[in-house]
Amino acid sequence: MLLFACSGAHAISPDLKVSTDDLNEAGEHFIEFQANKASRPGPGAPDARVPLQVLAEYSYGITDHWQVAAKLPFAREHGFRSLGGSIELRYLGVHDRESGGYWGLDLAAGRARELPGETASSALEVQPVLGYRAWGWHFAANVALGFPSSGEDRRGTFSSKLKAARRIGGHELGLEHFLEAGPVRNWLPRQERSEYLFVVWDKVVGNELNLGLGRGLTDASERWILKAVYSFQLK
């Protein structure tokens, strides 16, 4: 994922999606669009810009357990401008999609910048995917380690994504938590971390549309954020 954190506080990621067991079957092609927009920066944010961010993703199911994807993030500031790109390889183990646990692994490599005009940096990210379904609840956790290969600060970074959602009819309502803590061995002070809590409504229209409203929990985080995810299969 594009959570190539640096040692200081930074803008919210264009990739605000918790990875679960949503994986393409063999031979399936999908296109997905994510968009998010913050109301304003936090009082401790180093940059006052809060552009509309869009992430376009193409994914292909290599087998029923392996998927490859290309991700291209953009920010709308004096027109849409590229924030870089990444390639992701994903594995998901055999499991029951209705109940019980599952696990997987995301490996991503890419080059990205936090905001238009900033210097891009390259990184490799390793992200385990863990999840569990029971009694109508769906829990998921992603813990990512980033390894920058360019830029001034090349310390490994830590980030996490958590989800708890309740199935209601054909929909899911729940909470998502996103954290970018900085260097693995020396987390940033609490108010300098990027940390957000979202109320989410998943499967608004089948499996295609998901919506969320979030709030920054630290001074370095944007205040209110709207996000949307829409995907469709290529025939």
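FYI, it's all coordinate maths here, none of it is from the lab. This structure is a prediction, so every number in the text was calculated from the model and none was measured. Quick reminder, even Gly has a Cβ in these numbers, built from the backbone with ideal geometry, and neighbours come from all protein chains shown.
Structure above, values below:
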| item | result |
| --- | --- |
| Close pairs (8 angstrom Cβ cut-off, 6 or more residues apart or separate chains): farther than 22 Å from residue 167 by Cβ and touching a residue at least 60 places away in the same chain (Cβ under 8 Å) in region 91-117, of a type in the set (S, T, N, Q) and part of a strand (DSSP E or B) anywhere | 106/127; 106/142; 108/86; 108/127; 110/86; 110/122; 112/86; 112/121 |
| Enumeration of residues in region 81-98 that are surrounded by 14 or more Cβ atoms within 10 Å (Cβ to Cβ), under 21 Å from the mean Cα position of the chain (by Cα) and not aliphatic (A, V, I, L, M) | 81, 84, 85, 86, 88, 90, 91 |
| Looking only at region 161-188, and only at residues there that are in a loop (DSSP other than H, G, I, E, B) and out of contact with any strand residue (DSSP E or B) (no Cβ under 7 Å at 6 or more places or on another chain), the one that is farthest from residue 129 (Cα to Cα) | 169 |
| Residue satisfying all of: in region 166-184; more than 21 Å from residue 216 (Cβ to Cβ) and of a type in the set (Gly, Ala, Ser); surrounded by the fewest Cβ atoms within 10 Å (Cβ to Cβ) among these | 169 |
| Pairs where the first residue, in region 206-231, is in a loop (DSSP other than H, G, I, E, B) and the second is surrounded by fewer than 21 Cβ atoms within 10 Å (Cβ to Cβ) and among the aliphatic types (A, V, I, L, M), C-beta under 8 Å, 6+ apart | 217/197 |
| Answer residue from region 50-66, given it is more than 16 Å from residue 232 (Cβ to Cβ) and part of a strand (DSSP E or B) and is nearest to the chain's Cα centre (by Cα) among those | 53 |
